[in-house]
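K.L.:
Quick one: the structure is below, and I'll ask about it shortly.
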Amino acid sequence: MPTPETARHQLDLSPHERREVEAEIGRLRQASPVPVIMAPGYYSDSPLFPCAPLTLQEYNLDYRGNLTLCCQLSGVAGVNAGTELMGNLHELSLAEACTRFHQRVATYVADKQEQVRRGAFSMLDHFPCWYCMKYMNKVAWLSLFPQHPWAEGDGETVGERNHGDVGSTGTPPP
Ligand code: SF4
């Protein structure tokens, strides 16, 4: 997941490179004698990626008592830190926090469905955790790195401009 720190050190793979790595993991999955899996975040054809938090199968509680939308988003620094927060168990009950969580997920899913319906779902939005980072307004730092491969503008990404074989619809190269 790109962060200001990884961007500063130019460590981030472009979307195209990410998909190449994911394809390699897919090949290893077929050949490996031990199970090989990927954690959520990889490219998903389905806009409604069924990760554990968004299917209400997982709750993330941090060491401060914060119930957050998910562990991936928990504690991401920056001006919008806290948008993933459902509540703190020092201030409300677990049942109340879970009710907020369920309401937040329902809003999230409805917003995403509406975005898909409007045809405003970009290739980058098919990387579900990156979509969440954007949805939670946690990527404003990208403006500091206009050439970053995950920066979007004019309907395409810098990564796409560098690798024209990844289509804007997210269709993988043959
Ligand atoms: S960041 Fe979003 S898509 Fe990724 S695991 Fe968390 S809730 Fe699911």
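What follows is calculated from the coordinates using simple rules that are stated; it is not laboratory data. Quick caveat: nothing in here was measured; it's all calculated off a predicted structure. Cβ: placed from backbone, ideal geometry, glycine included. Neighbour counts: every protein chain shown.
K.L.:
At a 10 angstrom cut-off on C-beta neighbours, averaged per residue, how do the peptides 126-138, 8-20, 32-44 rank from highest to lowest?
P.N.:
Those peptides, ordered most packed to least, come out 126-138, 8-20, 32-44.
K.L.:
Around GLU58, what is the net charge, scoring Lys/Arg as +1 and Asp/Glu as -1 over all other residues with Cβ under 15 Å from its Cβ?
P.N.:
Every neighbour counted, the sum reads -1.
K.L.:
Count charges around TYR43 for me, please; just the other residues with Cβ under 9 Å from its Cβ, Lys/Arg as +1, Asp/Glu as -1.
P.N.:
0
K.L.:
Now for a different question. At 25 °C and 0.890 mPa s, what whole-number value in µm²/s does Stokes-Einstein give for the translational diffusion of region 45-107, with Rh from the Kirkwood sum over Cα pairs?
P.N.:
202
K.L.:
With θ taken as phi - 60° and the coefficients 6.51, -1.76 and 1.60, list the Karplus ³J(HN,Hα) couplings across region 16-23 in order, rounded to whole Hz; mark glycine and proline as x.
P.N.:
Once rounded to whole Hz, the list reads 4, 5, 4, 5, 5, 5, 4, 5.
K.L.:
Can you tell me the equivalent ellipsoid semi-axes for region 4-162? Use √(5λ) from the Cα gyration tensor, largest first, whole Å.
P.N.:
28, 20, 17
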